[in-house]
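A short write-up of the structure that comes next.
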Amino acid sequence: MNVPILPTISTAFIVLSAVSVAVGWYLIKQRKIEAHQKAMLTAAVFAVIFFIVYASRTVFVGNTAFGGPDNIKVYYTVFLIFHITLATIGAVFGIITLISGYKNNLSKHRKSGPVTSIIWFFTAITGVAVYYLLYIQYKGGETTSVFKAILGI
């Protein structure tokens, strides 16, 4: 099996980000504030690395179209759009939550943190599922522009 390196690296970083969020969540429940801050900063760095690798690949190489059977392509596409929407919302919530924590606005941070974490966990899970469907379960289709890969246009 020939696994593409850049998608594998970017997927690994989003998983590392989610694991770091889980560790940070555990640490804050233990009242280990400084360790929580470090874990969440680590999660943010992993997420940024993911984004840099993903965006670079998208710009310089392109995106891989779904290569599975045509009868499930519509389901994959809906799932992919759900994942992209979730990831975008998670990123925005993540920035807001990080800023509120950094500015010591703990009331806002305590409200947004758990919601952000849950969104991020689902983003990571759906991201791994997209990776699995695109590169492991089925042979990826052609590598092309983002719009053509997602929408088939």
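Bear in mind that the values in this text are calculations on the coordinates, not laboratory data. As the structure is a computational prediction, the values presented were derived from the model and not from experiment. Heads up, the Cβs are rebuilt from the backbone with ideal geometry, glycines too, and the neighbour counts pull from every protein chain shown.
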For this session: Could you run the Debye sum over the Cα atoms of the chain, one equal point scatterer each and no solvent, and tell me log10 of I(q)/I(0) at q = 0.12, 0.19 Å⁻¹, two decimals?
Result: -0.54, -1.10
Exercise. So what is the orientation-averaged projected area of region 7-82, using the convex hull of its C-alpha atoms, in nm²?
Worked result: 6.2
Exercise. Using 0.36 nm per residue, how much length does the chain from Ala55 to Asn104 gain when fully extended, once their Cα-Cα distance is taken away?
Worked result: 14.5 nm
Problem set entry | Amide H contacts of Thr64 (H built 1.01 Å from N, under 5 Å, at least 5 apart or other chain) | Thr144
Seminar exercise, completed: Two pseudo-spin positions, 7 Å from Cα along C-beta at Gln137 and at Val3, lie apart in nanometres by 1.7
Seminar exercise, completed: In whole percent, the Cα-Cα distances of region 1-44 spread across 10 Å bins from 0 upward as 32, 36, 19, 11, 2
Exercise. Hey, could you pull the Cα Rg and Dmax for region 85-138, both in Å?
Worked result: 14.0, 46
Problem set entry | Spacing of the two label points (7 Å from each Cα toward its C-beta) at Tyr75 and Lys32, in nm | 4.2
